[in-house]
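*Asks:* Dropping a structure here in structure tokens format, bear with me for questions.
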Amino acid sequence: MLVANRGEIAVRVIRACRTAGLQAVAVYSDADREARHVALADATAHIGPAPARESYLSIPRLLAAARETGCGAVHPGYGFLSENADFARAVEKAGMIWIGPPPEAMEAMGSKISAREKMRAAGVPVVPGALIEPSEEHREITSSGEEVGARGAARRVGSPHPATSGTFEEIPSSVLSLGFPVVVKASAGGGGKGMRIVRDAASFSEAMISCRREAVAAFGDGTVYVEKYLSSPRHIEVQVFGDTHGNVVALGERECSLQRRHQKVIEECPSSAVTPELRARLQSAACDAARAVGYVNAGTVEFLLEPSGRFYFLEMNTRLQVEHPVTEEAFGVDLVALQLRVAAGEPLPELPSAPSAHAIEARVYAEDPDAGFLPQAGRLLAWVEPSGPGVRVDSGVTAGGEVDVHYDPLLAKIVAKGRDREEARKRLAGALGETIALGVTTNLSWLKRLLEAAPVVRGELHTGLVETLSLPALPPPPDEVFEAAAWVLSRAASEPGGRPARGALSSPFEGRFRMGGA
């Protein structure tokens, strides 16, 4: 099976292949010749230079790699081409099995506007909103489905903007009817890109123009829409699974409210805000959403949850999620193994109806929290992963490896589970304190401080919480950290090329690292 991805997700899928008795083929660009996923695979295929558009986003090169290595299936992981219907069709046309949903389901949910319309038709609640097409033909897409004219009562807010092919001199009546604040979103967007919060009419034109510009640059599609902005909701998502025998099931919910600039940083399963009755309603709505598009394989239906218990469909991700390990740990299932079984035509087995543990995940990035979370790149001189009861690490890096500027700077996902939320939270905080990364700046200490913030400890979460928190300053590092750093740098200086050997961190300092909690 070809694993059409890189980093920690490629490592995760390769391990699942090994458990299932399948041979895994890793693909790699020039920048990833010595990457961890390449070393773990049974076979490898070079797919081009470092830029993703010339390697991991090249359908012809990926297909050629699959043919040349004799693959019978392709797993896209997440990111890159994982939600690309053209790639899925190309894989199937080449006579290989696509480990994912049907291309038609991907297309139906790939456009947020199309997804909203299908969800409304299926009886799944959606946030009231308005569509703004590139042609400036505006029509209302509220939950009632009522359409209104483009030029009905509108308010003039500014002059034409020369940087766009169309202008937004007027606020459509469908938008005015929502009331401010609203959020402007790219129809093809994701990961916080192509999104702007607009708090008043005076800001609408500028937000629309910048949102469209970003959407065109990131997704090649300038179609945008407007939703009523919910000020302090929780972000709840439901893991769904469908098979080719007509079965659709849901595996609980994940709390993803701890976000920075609309990007998730800490996730957990289950949510402390979801009662058994609410869980049943969320799961029912998520399964209805999946059935509405003939969904097969793993997917995630995302909702916004208000304090009142009312929830709204947000979007559906037609792939495995970054945060899938918390569902695996809480429910005791292997979601990638399920993907392989479903793709092979097997019916879904009987799955747990409720979680048996609580699990929390933190995303460790090479980024500088003190510099606006600016992504970092460079050689990872030292990398020591935590261990212990209930601790899991999904990583794609090793000591001596390179964090490249061409790709997402995610280093690892650190997951902890416990009998309850507090035990899981404490274990994760401890695991973050044990994790060692030298050579690049990371968000490790920031994540630990976030986990220990009072509202997070109490479980009082909402999507805007992270932006409002004032986290305590870092204490000075213990002497052991400086001694260990000096040792690593001296070791690097003694190696050919001025770098430590891959995975070479083995010294008297390793135990002191852990004791110092650097």
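*Asks:* Which residue is nearest to V224 (Cα to Cα), if the candidates are limited to segment 108-124 and must be out of contact with any helix residue (DSSP H, G or I) (no Cβ under 6 Å at 6 or more places or on another chain) and of a type in the set (K, R)?
*Replies:* Among them, the one singled out is K112.
*Asks:* Would it be correct to say that E434 is acidic (D, E), out of contact with any Asp or Glu (no Cβ under 6 Å at 6 or more places or on another chain) and within 23 Å of P270 (Cα to Cα)?
*Replies:* Against the criterion (acidic (D, E), out of contact with any Asp or Glu (no Cβ under 6 Å at 6 or more places or on another chain) and within 23 Å of P270 (Cα to Cα)), E434 does not qualify.
*Asks:* What's the number of the only condition in (1) surrounded by 21 or more Cβ atoms within 10 Å (Cβ to Cβ); (2) aliphatic (A, V, I, L, M); (3) within 28 Å of S173 (Cα to Cα) that I266 fails to meet?
*Replies:* (3)
*Asks:* Restricting attention to segment 261-282, which residues are touching a residue at least 40 places away in the same chain (Cβ under 8 Å) and closer than 19 Å to V415 by Cβ?
*Replies:* Across segment 261-282, the qualifying residues are Q263, K264, V265, I266, E267, E268, C269, P270, S272.
*Asks:* Moving to a separate point now. For segment 340-366, enumerate the residues that are in contact with a Pro (Cβ under 9 Å, 6 or more places away or on another chain), in contact (Cβ under 8 Å) with a residue 60 or more places away in the chain and open to solvent by 20 Å² or more (accessible area, probe 1.4 Å).
*Replies:* Once the filter is applied, which keeps residues that are in contact with a Pro (Cβ under 9 Å, 6 or more places away or on another chain), in contact (Cβ under 8 Å) with a residue 60 or more places away in the chain and open to solvent by 20 Å² or more (accessible area, probe 1.4 Å), segment 340-366 yields A354, P355, Y365.
*Asks:* Let me ask another. Conditions: (1) surrounded by fewer than 20 Cβ atoms within 10 Å (Cβ to Cβ); (2) touching a Lys or Arg at 6+ places or on another chain (Cβ under 6 Å); (3) without any contact (Cβ under 8 Å) to a residue 60 or more places away in the chain. A416 meets all but one. Number of the miss?
*Replies:* (1)
*Asks:* Further, regarding this structure: Can you find, within segment 447-474, the residue that is nearest to A424 (Cα to Cα) among those that are in contact with an Asp or Glu (Cβ under 9 Å, 6 or more places away or on another chain) and surrounded by 13 or more Cβ atoms within 10 Å (Cβ to Cβ)?
*Replies:* So, considering only residues that are in contact with an Asp or Glu (Cβ under 9 Å, 6 or more places away or on another chain) and surrounded by 13 or more Cβ atoms within 10 Å (Cβ to Cβ), the one nearest to A424 (Cα to Cα) is V457.
*Asks:* Identify all residues within segment 291-315 that are more than 25 Å from G464 (Cα to Cα), more than 19 Å from the chain's Cα centre (by Cα) and of a type outside the set (F, W, Y); write none if there are none.
*Replies:* Passing the criteria: R291, A292, V293, G294, V296.
*Asks:* Continuing with the same structure: Can you name the condition, by its number, that P347 falls short on among (1) modelled with pLDDT under 95; (2) part of a loop (DSSP other than H, G, I, E, B)?
*Replies:* (1)
*Asks:* Anything in segment 429-465 that is within 16 Å of S257 (Cβ to Cβ), part of a helix (DSSP H, G or I) and not small (G, A, S)? List them, or say none.
*Replies:* Residues satisfying the conditions are L447, L450, L451, P455, V456, V457, R458, L465.
*Asks:* While we're looking at this one, here's another question. Restricting to segment 194-222, name every residue that is touching a strand residue (DSSP E or B) at 6+ places or on another chain (Cβ under 7 Å), more than 18 Å from L178 (Cβ to Cβ) and basic (K, R).
*Replies:* R212
*Asks:* Among the residues of segment 7-14, is there at least one that is farther than 24 Å from L335 by Cα, touching a strand residue (DSSP E or B) at 6+ places or on another chain (Cβ under 6 Å) and in contact (Cβ under 8 Å) with a residue 60 or more places away in the chain?
*Replies:* Looking through segment 7-14, none of the residues is farther than 24 Å from L335 by Cα, touching a strand residue (DSSP E or B) at 6+ places or on another chain (Cβ under 6 Å) and in contact (Cβ under 8 Å) with a residue 60 or more places away in the chain.
*Asks:* Still on this model: Given the criterion open to solvent by less than 40 Å² (accessible area, probe 1.4 Å), touching a strand residue (DSSP E or B) at 6+ places or on another chain (Cβ under 6 Å), touching a residue at least 12 places away in the same chain (Cβ under 8 Å) and not in a strand (DSSP E or B), identify the matching residue among L314, L320.
*Replies:* Of the residues listed, the single one that is open to solvent by less than 40 Å² (accessible area, probe 1.4 Å), touching a strand residue (DSSP E or B) at 6+ places or on another chain (Cβ under 6 Å), touching a residue at least 12 places away in the same chain (Cβ under 8 Å) and not in a strand (DSSP E or B) is L320.
*Asks:* With the requirement that a residue be touching a strand residue (DSSP E or B) at 6+ places or on another chain (Cβ under 7 Å), hydrophobic (A, V, I, L, M, F, W, C) and modelled with pLDDT of 95 or more, what does segment 402-436 give you?
*Replies:* Matches in segment 402-436: V403, L410, L411, A412, I414, V415, A416, A424, L428, A431, L432.
*Asks:* Kindly establish whether L258 is in contact (Cβ under 8 Å) with a residue 12 or more places away in the chain and either outside any strand (DSSP E or B) or farther than 22 Å from A105 by Cβ (or both).
*Replies:* Criteria met by L258.
*Asks:* Among the residues of segment 122-131, write down those that are more than 15 Å from A292 (Cβ to Cβ) and either aliphatic (A, V, I, L, M) or crowded, with 23+ Cβ neighbours inside 10 Å (or both).
*Replies:* Those that are more than 15 Å from A292 (Cβ to Cβ) and either aliphatic (A, V, I, L, M) or crowded, with 23+ Cβ neighbours inside 10 Å (or both): V127, G129, A130, L131.
*Asks:* Under 6 Å by Cβ, and 6 or more places apart or on different chains, what pairs join a residue from segment 78-104 that is closer than 20 Å to H324 by Cα with one that is in a loop (DSSP other than H, G, I, E, B) and of a type in the set (F, W, Y)?
*Replies:* These pairs meet every condition: F80/Y56; P101/Y295.
Per-residue answers, yes or no, for (1) in contact with an Asp or Glu (Cβ under 9 Å, 6 or more places away or on another chain); (2) of a type outside the set (K, R):
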residue: G179; (1), (2): no, yes
residue: A207; (1), (2): no, yes
residue: R213; (1), (2): no, no
residue: E227; (1), (2): no, yes
residue: L230; (1), (2): yes, yes
residue: N247; (1), (2): no, yes
residue: R254; (1), (2): yes, no
residue: R261; (1), (2): yes, no
residue: A273; (1), (2): yes, yes
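The values are calculated or read from the model by the stated rules, or taken from the named source; none is laboratory data. Fair warning: this is a prediction, and the values are worked out from it, not measured in the lab. Glycine also receives a Cβ, built like all others from the backbone with ideal geometry; neighbour counts cover every protein chain displayed. For the accessible areas, the whole protein counts, side chains as well, though only heavy atoms, and no ligand, DNA or RNA atoms are used. Shrake-Rupley method; radii C 1.70, N 1.55, O 1.52, S 1.80 Å.
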